[in-house]
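Since every read-out is calculated from the coordinates, none of them should be taken as a lab result. Keep in mind that this is a model prediction, so the values were computed, not measured. So basically every Cβ, Gly included, is an ideal-geometry build from the backbone, and we count neighbours across all protein chains shown.
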Amino acid sequence: MSTLAASRAALRGVAAASGALALRHRLRNRASLTVLMFHRVGTPGTPALQHADARYTLAAPLFAAVLRFVVRHYAVVGLEAVLASRRGGPPLPPRALLLTFDDGWADNLAVALPLLRAAGLPAVLFAATDALADPSPWWWQEVLLRALREGRADFATLAGMPGGVAPPEGPELALLLRYAALDPAARAAALAPFLDDGLAAEGRHMLHPADLAALAAGGVAIGAHGAAHLPLSLLPDAAPDIARARAALAGWLAEGAPASLSFPHGRYHRAALAATWAAGFALAFTSDACLNAAPAGRPASALLGRISVTAAAITDAAGRFSPARMATWLFHRPLRALDAAAA
C-alpha cells in the first residue's frame, strides 16, 4: 500500500471509530433511499466461488458482514414498501435501504437467502428470464465471459466466431451481442470447447423458474432483468425484450406480472425507459451509483439508482471486511432524483 493510500485508510478508520462518518450519514442521508446491487454470493472453498467473476461476487462471510453493517446504519425495507410510498401509502423510514440482486444465480437461493433470513431482511431479485428458462445447466453468457477472463481464449479469437458485427461498446458487451445473434445450436457449438468437468462440478448456474416461489416465500420480491440479458440501449428495439421478460414472470409468479425492472448491464436510454413504462412497470432500477432523493419518505422518481457492492471496495488490504471502507463507499454518494423520462 502506498503512503497516500495508507494515510487515507487511517483517516477513514479514525472517522469511523469516532462516529463522525455515521453522524454525517444520519444527518445528510435522512431523506434518501439507498439501493444496493449484488449478483452472486458464494460459499468459500467451492468451485463456484473459485471461478465466479470477482467483480460481481461476495463470499458468504463477507455478505453476512455487509448485512450486519446495513442493519446498524439503515432501515432496510422491502420492494412493496418502496412501491407503496410512491403510491401515496406509508412513507419510507429515514435512511431507507433496499437490497437487490441481478440476473438470477442459483446461489441467490442456496447461499444468500439463508443469510437474509437469518438477518430478518427482505430483498429483491431481478431475473433474466431467458437464462432461467434455459434447461442447460450452464448459462452461455457466463461460459463465454469466463473463457475471456480466465485467459482460455482472447477477445480476437472469440470475436472471430460466426455472427454479425457488434458495435464498439467494449469487448464484453460486443461479444454478448455477437453470440446472442447466433442460432442456439451454432452458439452451443462455438462454446463447446469451453465446457469442462470444472463447470459440471459447480452445478446449475441459474435458478429454475420454480425456484422463484421459494425466494418469494423467504421474503425476496421478484422483478425483471430483461429477457436476453442484453444491454437494452444497444438493441434495435428494447420493447420486445422487456415485454417477453414481463410475460415470462407473469406466468411463473403466483402474484402475476412484476412491478419492477432493472436494466441489464445498467444500460438504458429514452426509448428503453418509454418501453419500460409502457409495459406496465412502476419502478425501474439503474446502475447509476447515487442515493435516491426521498423527501418526506417518498422517492422523488420512479427511476432509481443503485450502488454496486464489490469485495474490492469494502475490504482492507488483508481481505477483511472494513466498516470504514463500506461507510465511505456508501455514505458520500451524490443525492439525486433521476429523470424518469430521459437518459
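For trypsin sites (Lys or Arg not before Pro), the sites in segment 66-142 that DSSP calls loop and that have at most 14 other Cβ atoms within 10 Å are Arg87. For segment 321-337 versus segment 232-299, the spacing of their alpha-carbon centroids is 25 Å. With a Förster radius of 22 Å applied to the C-beta separation of Arg72 and Leu115, the computed FRET efficiency comes to 0.90. Each residue, Thr43 and Ala133, gets one label point 7 Å from its Cα in the Cβ direction; the gap between the two is 3.1 nm. Each of Ala127, Gly160, Pro184 was placed along the dipole of the chain (beta-carbon charges, centred on the mean Cα), and the one lying farthest toward the positive end is Ala127. Between the residues Ala214, Thr286, Ala52, the greatest Cα displacement towards the positive end of the dipole of the chain, with unit charges on the Cβ of Lys, Arg, Asp and Glu, is found for Thr286.
What FRET efficiency do you get for Glu80 and Thr157 if R0 is 41 Å and r is their Cβ-Cβ distance, rounded to the nearest 0.05? So the FRET efficiency works out to roughly 0.30.
So how do His332, His208 line up by other beta-carbon neighbours within 10 Å, fewest first? Don't skip to the end; give the middle numbers.
Numbers: His332 13, His208 16.
Listing His332, His208 from fewest to most nearby Cβ atoms yields His332, His208.
Charge dipole of the chain (Cα centre as origin; +1 on each Lys and Arg Cβ, -1 on each Asp and Glu Cβ, all else neutral): 1760 debye, rounded to the nearest 20.
Look at where the Cα atoms of segment 32-68 and of segment 179-217 average out, and the two centres are 20 Å apart. Placing a label point 7 Å from the Cα of Ala296 along the Cα-to-Cβ line, the residues of segment 70-103 whose backbone N sits under 14 Å from it are 85-92.
What is the extension gain from Arg24 to Asp339, computed as 0.36 nm multiplied by their sequence separation minus the C-alpha to C-alpha distance, in nm to one decimal?
Details: separation 315, 0.36 × 315 = 113.40 nm, distance 2.67 nm.
Between Arg24 and Asp339, full extension yields 110.7 nm more.
Express as a percent, rounded to the nearest 5, the fraction of DSSP beta bridges in the chain (both residues included) that run antiparallel. Working shown, then result.
Values: 4 of 34 bridges.
Of all bridge pairs located within the chain, approximately 10 percent are antiparallel.
Adding -39500 (n - 2.57) for every DSSP H run of four residues or longer, then dividing by how many residues the chain holds, sets the calculated 222 nm ellipticity at -12000 deg cm²/dmol.
Excluding Ala31 itself, what net charge comes from residues whose Cβ is under 10 Å from its Cβ, given Lys and Arg +1 and Asp and Glu -1?
Numbers: positive: Arg28, Arg30, Arg95, Arg298; negative: none.
After counting each charged neighbour, the total is +4.
Sorting Leu67, Leu195 from the fewest to the most surrounding beta carbons within 10 angstrom yields Leu195, Leu67. Size descriptors for segment 200-343, from the alpha-carbon set: Rg then Dmax equal 17.2, 51 Å.
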